[in-house]
Structures are given as structure tokens and as C-alpha cells.
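Right, one structure below, let's go through it.
Read-outs: derived from the displayed coordinates by stated rules, not from any lab. All values derive from a computational prediction rather than experimental measurement. Please note: Cβ atoms are built from the backbone with ideal geometry, for glycine as well, and neighbour counts cover all protein chains shown.
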Amino acid sequence: MANRNHFLVLRNKSIKYFNLLEKEVKFYREIKDEEQKARIGFYFLILEYITGNKNLNELSLSMTDTDFHKYFSNSNCDDCGVDAVFINYEDKIISLFNFKYREKFKLGNRQGLNDTLISSKYTNALLQDNIGTLRGKPKDWAKKIIDCLNGNDVWQFQLYVVSNDDQTVNVDDLHLQCMKDAYDLDIIPIGLQDITDIMSIRPEPINASLVLEHNAIMSYSENDLSSSMSYIARVKLSELIRITCNNGGIRDEYNIEELSKLSAVDLNYDILFDNVRGFVTKSKYNLNISESLKNSPHNFFMYNNGLTICAENIISKTINGKKKQKIDLKNIQILNGGQTLRTIHAFNMTSPDVMNEYLSEAEILIRFFVAENDDYKNKIAEYTNSQNAISSIDLKSLSSEQVQIEQYLDDHDIIYARKSGDTGKSDCRNYKHKITMEKFGQLLLAVKGFPEKCANQKQVIFDKMYNDLFVDNFDITTIVSVIENYFIIVNTYSEIFTINKIEQKNYYILYMNSLYPNFEFKENINHLENAIHSFKKNKKLIDSSDSRILIKLEFRKYLDEYMKEINMTLAII
């Protein structure tokens, strides 16, 4: 249950997040009020968790909130009850966000129904295709949403109602049901407890014990001399609920008889700290799990890939005349199967009868591994997750070289965000920069000589090109200067108001700086802008956007020749 301390931890984390945001995103007007900093930091923190996008500049483009744009762009456009918009073109999901940040904690305080219903002003304009009264960012996003909805693809339409209130709005309210039906809208409330569950805070060790039938377990060791044993077991879902619940006493009660005790427990979300996947609220995959539990619990074992649980230590001993085996698990984490576990716990909470009727009848395959160090644990997570639909970026976030980069940059006061919501290893540090793993990969690609590929090759960076960028001939001592140069370039561009600013240009300047360090950043910016203009003129592409030009290999080769001529001219002079 969330409490005042959780509220204060979130507030401090939100302020810290704003401080990081302020270093990357330029505000038109300075924000001095601490509560306003916390409010804006809260918005961005939640957006990062839910969307999985860790790029603060890109997230700032999602913001439609009226108050935010008073500071950010000096505009005053009515947000019509929607504070941010995010479109996932890959999974065909349109997400609207309604944020409310409370400055004081009140036990039992619930999200306001009217605060949610006000978002219907925006959804009305969208679905009636009548956006004439909208202005600024809300209107820009409305056009994009209408284009999506008017196409032939099937889109999921959802509204996140997010606040730091103690309790969430009742989605079964008649008014909200009417809103859901009218707009075919999924309403997803997120409150303080939900946010506390997903915040990236290193948990205290989680221990558990269980007893299994001898024929339901198989042991494994790496070699005959190893003292560490790992296990593959067939485990009832009632036992899985018990060993992953938020009640330490019940986790140790391996001989539990009253299954009704398990109907009231919830998932201990700390057990998912090392899980690859981010925060997933609802998916087709989750619905399939629930349906298979209802319709055929006895076959669930065959329908599901199971879980991977990693422990610091596993102690096993034979009991009951060698018919059963007692296993004590120390400091466990779910490395694979987090969505499955969340869904099983959510299914358990739907009714007191679910435990006896379904979960006590169903079984699941669990791999129990001993991981004596983080590198081994990360390898287990990477390989066991590689069979599922998880991006190469998420998988590589577990690799030893990425952990080393994180540690090295932390020593230089730079946050290397391998996970969503990361605000550094220490809450007491004033970090200079925050850079995501994906962004850093793009910077390396630019320095390697491929600035034209940076904008649309994120997956390739962490797949086919990964070893070339991060492993072979990778010099960790150079990475601080690469990152600091990138932020200098971003700030330099922001000071030049006459230039069309796009992220691809930052990659090109970084590339040019690696080849021609004798030029100042502003000089290279001028050279790049002149090269873009002359390329468009020569190729009769005046009407083409800069972004379309910059992804062309032909332009990068043109720029190389352009810069060679400038250098030759200067050498003669």
C-alpha cells in the first residue's frame, strides 16, 4: 500500500528528473518553483516508463499540456484535457495522457472523475473530425491521430489517467463506461501505488521457500566440481503466487494449507527489478494468458513458456523419505516471464474463487538458476529472453559491456540509461548529463562515419552493427568526450534561432568534428547548412526537407567532398 514516504520519494525523483530534463531541453522561460519542477518532471518520468522512449527531446514533442508550453514554447493553447500524446506506429497504439500532480499527500484521496471526463473535449474533436478550435501542439497531434484513424489499419485507442493520488478513479463508473463505449477507448488509471511498483529502486533481498514432488524437479550443474545447483521444475500457480507475493511470512510458509490466504496477496514488484521488459499495462499476450487459465487450467503448462528465476543462492534438501524436495531461495529476481507473472497475479485478484478453481489446478515450468555475479545473471536474462518478442536493444541492455559503460560514465557524472526512468545510481549526485543507450549507439554510429544511418537504424545498431560499435576496437576512454561534444552541439544549435533544428544535424556535426577537429562547432554548423543548401540546389531538390536530405548516402559523400575543398582552400591560404 502506498504511503506518504512513497509520495515523497516520487516527488524527489520527479524534481531530479526535471533537473536532468532542463539540461537537455531548452525552456523559453526559467522555472524556479520546486513544485512546478516536480510536476513537469513527473509528467516526463511517467511518459518514459509507459512509452519506453528514453529520449527527453522526443518526449518533449509529445507534450500538449497548456502549463508546460507556457514555459517551454511561450504559447498558450488549450490542451482540452489531454496533456500528452504518443503514437506507437509499430504496434498501432494511440495513447493519450491525462496528468494530475498533487502537491500534498492525502490518504485515501482518489483521482477525480471530472478530471478524467474533461479529456472527452479532445476525443470529441478527434472522432468528429472537427479540430478547427484546436491550436498549437494539441492540433498538430490531432491531425496525426486523425490520419491514423482514417487509414485502413486497426488502431488501439487508450487514455492513461495518471496522478500521484493514493487511489485511482473507478473505471466502472457509469460516466466513464459511456466514454469508453462512445470512443472505443481503453481507460487505464495509474496512481501512486502503480508508480511506486514500477519505479527503478534497487529492492531489498527477496527470499522464499517451497516444497516440490521429487518427480516434478530436475537438477543441473555446470560441471561435476561445481557446488552450485540449478533446477528446472513443474510448479503449481498457487505456489508461484505464494513465493512472489508481497508478504514475506507467506513466502516462507512452504507448507501452507489455507489457500484462501493467497487470494488477498499481491505481487511484490521488486522481484521484477532485473526483468528485461518495461512497464506493460495491457496487451493481447496478457489477455491470452487469462483466457487459457479460465478455459483450460490443466493445459496451462503446455501453453506457456514458463519463467526464469535467478537466485543468489539455492539450498535444496530431500525430505519425507526422499519423496519431496525443499528448496530455499535467497535474493530472487524474475529474469524472464514478467508479463506472465503480472497477469497471473492480476487474474488472482479478480475473485476469491480464482485460487481454488483455477490457480491451484494449473502448473508452470520454472527455471531456477544460481547467478553468483551480475554478468552471469545478465547473460541468463539475455539468452532466455532472446526467444521472445523482445527488441535487440532491450536484450543488449543486459550485456556486460553495457554495464561497464554505465559504471564508467557514472564515475564521470553521466547517467547511462539502460532502463526507463533511470535517474542515476545515487540520489545525492548532481549529474551533468543523461544519455540513453539507444542515443549513445547513434552517436557511435555517427563517429564511425555513418551519420546518414543514425536516424532510422536503432535496431540495426544493436543487432548487425553491435560488435563493430561496442565490442571490436571499442575504446571506453573516448566515450565521455563523445557525449560531452554531443551536448555542446545541441546547445550550440539551440542558440542559433535562424536554423531549422533537427536531431540528424547533431549527428552530422559530431561526425564532422571527428574528421575536422580544427573547426569550431559553429563553423561546422555553418559548413553543414551551406552544404545542405548547395546540394538541394545542384540536385534540384529545393522543396525537399532537410531530414530527407540527411538520410541520403549521396549527401554524406557530397559533404565529404565539400569539406575536402574547404580544407584544401584553407591550406593554400
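Counting neighbouring beta carbons within 10 Å and listing from fewest to most, the residues Asp546, Asp475 come out as Asp475, Asp546. Listed values for the range 551-566 are Karplus-derived 3J(HN,Hα) couplings in whole Hz (6.51 cos²θ - 1.76 cosθ + 1.60, θ = phi - 60°), namely 8, 8, 4, 4, 6, 4, 5, 4, 4, 4, 5, 4, 6, 5, 5, 4, and x replaces Gly and Pro. Using θ = phi - 60° in the Karplus curve 6.51 cos²θ - 1.76 cosθ + 1.60, the 3J(HN,Hα) couplings for the range 143-159 round to 4, 5, 5, 4, 4, 5, 5, 7, x, 8, 6, 8, 10, 8, 10, 9, 10 Hz; x is entered for Gly and Pro.
Across the alpha-carbon set of the range 422-524, the Rg to Rh ratio works out to 0.98, Rh being the Kirkwood radius. Projecting the Cα atoms of Ile241, Ile190, Ala264 onto the charge dipole of the chain, computed from C-beta unit charges around the Cα centre, puts Ile190 farthest toward the positive end.
Sorted ascending by nearby beta carbons within 10 Å, beginning with the fewest, Arg367, Arg251 become Arg367, Arg251.
Restricting the range 43-127 to GluC sites (Glu not before Pro) that sit in a DSSP loop and have at most 12 other Cβ atoms within 10 Å of their own Cβ leaves Glu90, Glu103.
The H on the amide N of Asn246, modeled in the peptide plane, is under 5 Å from the matching H of Asp266, Asn268, each at least 5 residues off or on a different chain.
Bridges between two residues of the chain, per DSSP, are antiparallel at a rate of about 60%.
Placing +1 on the Cβ of every Lys and Arg and -1 on the Cβ of every Asp and Glu, with nothing else charged, gives the range 4-198 a dipole about its Cα centre of roughly 740 debye. Close amide H pairs (under 5 Å, H built 1.01 Å from N) link Glu363 with Leu237, Phe300, Phe301, residues at least 5 positions away or on another chain.
Comparing Cα centroids, the range 420-439 and the range 45-106 end up 20 angstrom apart.
With both residues required to sit in the range 4-198, DSSP beta bridges show an antiparallel share near 30%.
Residues Val460, Val154, arranged from fewest to most other Cβ atoms within 10 angstrom of their Cβ, appear as Val154, Val460. Using C-alpha pairs under 8 Å with a sequence gap of at least 6, the mean separation divided by the residue count of the chain gives a relative contact order of 11 percent. The overall shape of the range 4-198 is oblate: from the C-alpha gyration tensor, with semi-axes ordered a ≥ b ≥ c, the ratio a/c is 1.5 or greater and a/b is no larger than b/c. Taking θ as phi - 60° and the Karplus parameters 6.51, -1.76 and 1.60, the scalar couplings of the range 470-483 work out to 10, 10, 5, 6, 7, 10, 5, 6, 8, 6, 5, 5, 4, 5 Hz in sequence order, x denoting glycine and proline. A Förster radius of 30 Å combined with the Cβ-Cβ distance from Glu520 to Ile31 puts the calculated FRET efficiency at roughly 0.45. Identify which of the listed values of mean projected area of the Cα convex hull in nm² was calculated from the structure shown: (1) 26.7; (2) 30.5; (3) 35.8. Given (1) 26.7; (2) 30.5; (3) 35.8, the structure-derived one carries the label (2). Taking the Cα centre of the chain as reference, the dipole from Cβ charges on Lys and Arg (+1) and Asp and Glu (-1) amounts to some 600 debye.
Residues whose amide H falls under 5 Å from that of Phe97, counting only those 5 or more places apart or on a different chain, are Asp83, Ala84, Tyr160, with hydrogens built in the peptide plane. Using the Cβ-Cβ distance between His298 and Asn255 with R0 set to 22 Å, the FRET efficiency from 1/(1 + (r/R0)^6) comes to roughly 0.35. Rounded to the nearest 10 degrees, the inclination of helix 400-410 to the longest alpha-carbon principal axis of the chain is 60 degrees.
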